[in-house]
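J.: Quick one: structure below, then a few questions.
The values are calculated or read from the model by the stated rules, or taken from the named source; none is laboratory data. Quick caveat: nothing in here was measured; it's all calculated off a predicted structure. Because the Cβ atoms are built from the backbone with ideal geometry, glycine has one as well, and the counts that use them run over all protein chains shown. These accessible areas exclude ligands, DNA and RNA; they are computed on the full protein's heavy atoms, side chains included. Shrake-Rupley method; radii C 1.70, N 1.55, O 1.52, S 1.80 Å.
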Amino acid sequence: MTTLITRDELRAAIDAGTVTVVDALGGEYYVQQHLPGAIPLLEAEVAERAAALLPDRTAAIVTYCSNPSCPNSGRVADRLTALGYTNVRKYAAGIEDWVTAGLPIETGALTH
């Protein structure tokens, strides 16, 4: 089972640059809005893209989705853990909670 991370913990980790944030929705959702620095990674892409996007299997990773009822973040977190990633957490509240709290988001396509 993936450990959960709170909004305040995630904000602090993003601000400190100590976490890689994974957007489990991708596509148009990612383009419209995503957490700062997030990379899109869908469940179906984890096996093929994880090693290139997340080369350090011990680094802190947080997955998120749109809201608490969206299962994508948990599925991506579980797939990463199954591949040997050891420090994966899930932001269960999702981007809706982030936006409601007035925290910064990014928009647009992935640039790296």
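J.: Give me, ordered by chain and number, the residues 5 or more places off Lys90 or on other chains with an amide H under 5 Å from its own placed amide H.
T.: Thr3, Leu4, Ile5, Thr63
J.: From the square roots a ≥ b ≥ c of the eigenvalues of the alpha-carbon gyration tensor of segment 13-112, which class results: rounded (a/c under 1.5), prolate (a/b over b/c), or oblate?
T.: Verdict is rounded for segment 13-112.
J.: Of the heavy-atom accessible surface of segment 1-111 (probe 1.4 angstrom), what whole percent is carbon and sulfur?
T.: Here it works out to 52 percent.
J.: Quote the charge dipole size of the chain about the Cα centre in Debye, to the nearest 20; the model charges only the Cβ of Lys and Arg (+1) and of Asp and Glu (-1).
T.: 240
J.: Please give me the summed charge of the neighbours of Gly37: other residues whose Cβ is under 13 Å from its Cβ, Lys and Arg +1, Asp and Glu -1. Provide the component values of the computation, followed by the final result.
T.: On the way: positive: Arg11; negative: Asp15, Asp23, Glu106.
So the environment of Gly37 carries a net charge of -2.
J.: Could you compute the net charge surrounding Thr107? Neighbours are other residues with a C-beta less than 14 Å from the C-beta of Thr107; K and R count +1, D and E count -1.
T.: That works out to -3.
J.: Per residue, what accessible area does the chain have, given a 1.4 Å probe and all protein chains present, in Å²?
T.: Heavy-atom SASA per residue in the chain reads 52 Å².
J.: A further question on this structure: Any idea which of Thr100, Thr81, Val62 is furthest toward the positive side of the dipole for the chain, if Lys and Arg beta-carbons carry +1 and Asp and Glu beta-carbons -1?
T.: Working it through, the farthest residue towards the positive pole turns out to be Thr81.
J.: Related question: Would you mind listing how long segment 1-58 runs along its three principal axes, going by Cα atoms, in whole Å with the largest first?
T.: Per principal axis, max minus min of the Cα coordinates gives 30, 30, 23 Å.
J.: In addition: Only bridges with both residues in the chain count here: give the DSSP antiparallel percent, nearest 5.
T.: That works out to approximately 10 percent antiparallel.
J.: Do you know the relative contact order of the chain, to the nearest whole percent, from alpha carbon pairs under 8 angstrom that are 6+ apart? Don't skip to the answer; put the middle values down first.
T.: On the way: 203 pairs, mean separation 39.4, N = 112.
Relative contact order comes out at 35 percent.
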